[in-house]
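Enquirer: Encoded as structure tokens, here's the structure I'll be asking about.
The values are calculated or read from the model by the stated rules, or taken from the named source; none is laboratory data. The model shown is predicted, which means the values in this text are computed figures rather than measured ones. Note: ideal-geometry Cβ built from the backbone for every residue, glycine included; neighbour counts use all protein chains shown. With ligands, DNA and RNA removed, areas are computed over all heavy atoms of the protein, side chains included. Shrake-Rupley method; radii C 1.70, N 1.55, O 1.52, S 1.80 Å.
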Amino acid sequence: MSDFKKAPIASNVVADSAMLDRRHFLLGAAGAATLGIASGLGMRTARAADRTEISFASASFFGKEGIGDLVKAYNESQDRIMVKFIELPPPSSSTEVYQGLIQQLARRNGTPDVFSQDVIWIAGFAAAGWALPLDQYFPKEKRSDYFPGTVAACTYNEKLTALPWFVDSGMFYYRKDLVEKHGGKVPETWDDMATMAAAAQKAGDAKFGYLWQGKQAEVLICDAVEVITSNGGSILAADAKSSVIGEKAAVEAIQFLYDTINKTKISPQNVLSWDEEPSRQPFTSGEAMFMRNWSYVYPIAQDPKASHVVDKVAVAPLPHFAGGKSAACLGGYQLGVNANSKKREAAIEFLSWMSSPETQTRLALNFGLAPSRPAIFENAKLKAEQPFMASLQNVFIGATPRPITPQYAKVTLALQSSISKALVSGNVQAELKAAADQINKIVA
Ligand code: GLC
């Protein structure tokens with residue numbers, strides 16, 4: 001799966017066979033035949049000459065179908081607009097997706113007309129003047145259909161510069177059968193989790209106690225935000241003008257992650273090179289007791305074609321430090337219109353369809369991506385297929401954002417480098433102090 005990273009940036013062709021293989025795997029033979037290899041190419045060629053053509057660039061989310069299938073459904077649903085899909089790498093290759101997008105947006109030539117953007121880029125894209133303010137198209141009455149926190153995340157300098165799409169948050173996957181055998185109670189503190197995981201490993205019930213994502217990548221910052229916040233710490237000070245990542249709460253939290261590999265040994269050394277998918281695989285193949293990951297994993301864990309742990313997995317809020325509170329990192333992609341698009345009306349129409357209750361329900365059911373519209377959490381099919389979504393609704397809406405700043409792209413690179421060094425060397429205090437010094441210069 002690390003091959004995903006090699007997917008070409010800003011290409012409308014999936015040149016990566018791993019991607020196609022994976023889709024076949026998840027879809028099963030029948031689904032793959034219906035989908036056809038050609039649809040994996042993400043671009044529709046047939047179009048009526050009188051249609052307005054717009055382009056849509058997005059990271060390649062996957063599940064029971066891909067984003068190209070959504071675009072196809074939109075193109076078939078009406079005959080005025082034809083959307084051309086520009087498929088970017090998967091969201092775990094966050095830096096590459098970001099580069100792919102900014103290379104295009106910075107040209108200011110109107111391509112892509114519409115894009116999906118990780119919640120962490122909204123401030124930067126707005127500050128650069130690349131994202132069209134959407135206030136006139138989505139007035140306040142329409143916005144009340146969405147979680148207020150997501151609307152806030154889509155707002156920069158009091159302007160709505162993104163339209164809510166889906167919300168993501170880190171969560172705690174556990175094996176019900178193994179928890180039952182080793183005490184019966186889902187652990188709420190990191191210490192209890194580590195003790196239980198070690199016991200299961202010792203008893204030969206799990207090869208890995210706890211899986212998380214330690215690769216030098218965006219997801220490492222998500223994992224870090226969660227442990228740090230669950231110890232009462234933070235990356236930025238309350239005024240967002242300096243970093244407090246060198247302080248005790250954060251140092252203890254990153255030390256805990258280091259210890260999972262080196263002291264309690266509940267996590268393999270490999271987590272240091274794993275992002276979402278490499279950490280997900282041993283879990284759904286039945287080798288691990290606990291895992292931190294996003295909601296997309298649940299439908300995979302419940303798919304007999306992809307999982308050895310069907311009906312054995314449940315999801316809870318992540319553990320916390322004694323005296324702290326559980327924290328989930330806020331993730332998710334939101335929709336934007338290129339400020340230089342010459343086809344605004346068509347762009348807005350497509351955007352509205354992508355964010356509609358119908359499309360959000362489809363994203364939830366087929367991709368495991370949580371709606372930004374609270375009403376959809378009540379959907380009976382969703383409740384039956386992915387019960388954790390409704391029960392963890394508060395985790396999604398209470399999730400902790402990563403630093404909100406137009407400088408986020410620089411902040412994350414500094415964090416990724418320092419936290420990664422801390423986890424490899426064990427010099428946690430020194431590396432986090434170095435991160436704080438760097439961040440202070442960036443956000444000052
Ligand atoms: C998920 C989240 C996104 C995050 C990424 C990191 O896709 O939704 O916000 O940046 O993971 O890998």
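Enquirer: Being touching a residue at least 24 places away in the same chain (Cβ under 8 Å), open to solvent by 40 Å² or more (accessible area, probe 1.4 Å), within 16 Å of the ligand (Cβ to nearest atom) and in the same structural domain as Ala301 (by TED's automatic domain parsing) narrows it down to one of Gln216, Gln201, so name that one.
Expert: Gln216
Enquirer: Among residues belonging to region 413-444 that are in contact with an Asp or Glu (Cβ under 6 Å, 6 or more places away or on another chain) and open to solvent by less than 60 Å² (accessible area, probe 1.4 Å), point out the one that is farthest from Ala127 (Cα to Cα).
Expert: The extreme case among them is Ala422.
Enquirer: Would it be correct to say that Leu363 is in a helix (DSSP H, G or I) and within 16 Å of the ligand (Cβ to nearest atom)? Don't jump to the end; show me each part of the working.
Expert: Values: in a helix (DSSP H, G or I): yes; within 16 Å of the ligand (Cβ to nearest atom): yes.
Yes, satisfied.
Enquirer: Output the number of residues of region 76-120 satisfying the condition of being of a type in the set (S, T, N, Q), assigned to a helix (DSSP H, G or I) and farther than 27 Å from Asp50 by Cα.
Expert: Here is the first cut: in region 76-120, the ones of a type in the set (S, T, N, Q) are 77-78, 92-95, 99, 103-104, 109, 111, 116-117.
Pick out the ones that are also assigned to a helix (DSSP H, G or I) and you get 77, 94-95, 99, 103-104.
Now restrict to residues that are farther than 27 Å from Asp50 by Cα: 94-95, 99, 103.
Qualifying residue count for the region: 4.
Enquirer: If you don't mind, there's one more thing I want to ask. Considering (1) at pLDDT 95 or above; (2) away from the ligand (no atom under 16 Å from the Cβ); (3) under 18 Å from Pro371 (Cβ atoms), say which one Phe61 fails and leave the rest.
Expert: Going through (1) at pLDDT 95 or above; (2) away from the ligand (no atom under 16 Å from the Cβ); (3) under 18 Å from Pro371 (Cβ atoms) one by one, Phe61 breaks only (2).
Enquirer: Which numbered condition trips up Ala380, out of (1) open to solvent by less than 20 Å² (accessible area, probe 1.4 Å); (2) over 30 Å from Lys263 (Cβ atoms); (3) aliphatic (A, V, I, L, M)?
Expert: All conditions pass for Ala380, except number (1).
Enquirer: Kindly provide the set of residues from region 100-138 that are more than 14 Å from the ligand (Cβ to nearest atom) and more than 14 Å from Ser341 (Cβ to Cβ), ordered by number.
Expert: If the condition is that a residue be more than 14 Å from the ligand (Cβ to nearest atom) and more than 14 Å from Ser341 (Cβ to Cβ), then Gly100, Ile102, Gln103, Ala106, Ala126, Ala127, Ala128, Asp135, Gln136, Phe138 are the ones that fit.
Enquirer: If we scan region 348-355, do we find a residue that is within 16 Å of the ligand (Cβ to nearest atom), farther than 13 Å from Val167 by Cβ and charged (D, E, K, R)?
Expert: No, region 348-355 has no match at all.
Enquirer: Which residues, counting only those in region 193-221, are in contact with a Lys or Arg (Cβ under 8 Å, 6 or more places away or on another chain), assigned to a helix (DSSP H, G or I) and over 20 Å from Gly398 (Cβ atoms)?
Expert: Scanning region 193-221 gives Ala198, Ala200, Gln201.
Enquirer: A further question follows. For region 64-117, how many residues are surrounded by 24 or more Cβ atoms within 10 Å (Cβ to Cβ) and more than 27 Å from Ala217 (Cβ to Cβ)?
Expert: So the answer is 2.
Enquirer: Answer yes or no: is there a residue in region 171-188 that is more than 22 Å from Val97 (Cα to Cα), of a type in the set (A, V, I, L, M) and open to solvent by 50 Å² or more (accessible area, probe 1.4 Å).
Expert: Taking every residue of region 171-188 in turn, none turns out to be more than 22 Å from Val97 (Cα to Cα), of a type in the set (A, V, I, L, M) and open to solvent by 50 Å² or more (accessible area, probe 1.4 Å).
Enquirer: Within region 331-346, track down each residue that is of a type in the set (Ser, Thr, Tyr) and either without any contact (Cβ under 8 Å) to a residue 40 or more places away in the chain or within 16 Å of the ligand (Cβ to nearest atom) (or both).
Expert: Across region 331-346, the qualifying residue is only Tyr333.
Enquirer: Is there a residue being hydroxyl-bearing (Ser, Thr, Tyr), open to solvent by 20 Å² or more (accessible area, probe 1.4 Å) and assigned by TED's automatic domain parsing to the domain that holds Ile54 anywhere in region 122-143?
Expert: yes
Enquirer: Quickly run through region 260-299 and pick out the residues that are of a type in the set (Lys, Arg) and either surrounded by fewer than 22 Cβ atoms within 10 Å (Cβ to Cβ) or modelled with pLDDT under 95 (or both).
Expert: Lys263, Lys265, listed by residue number.
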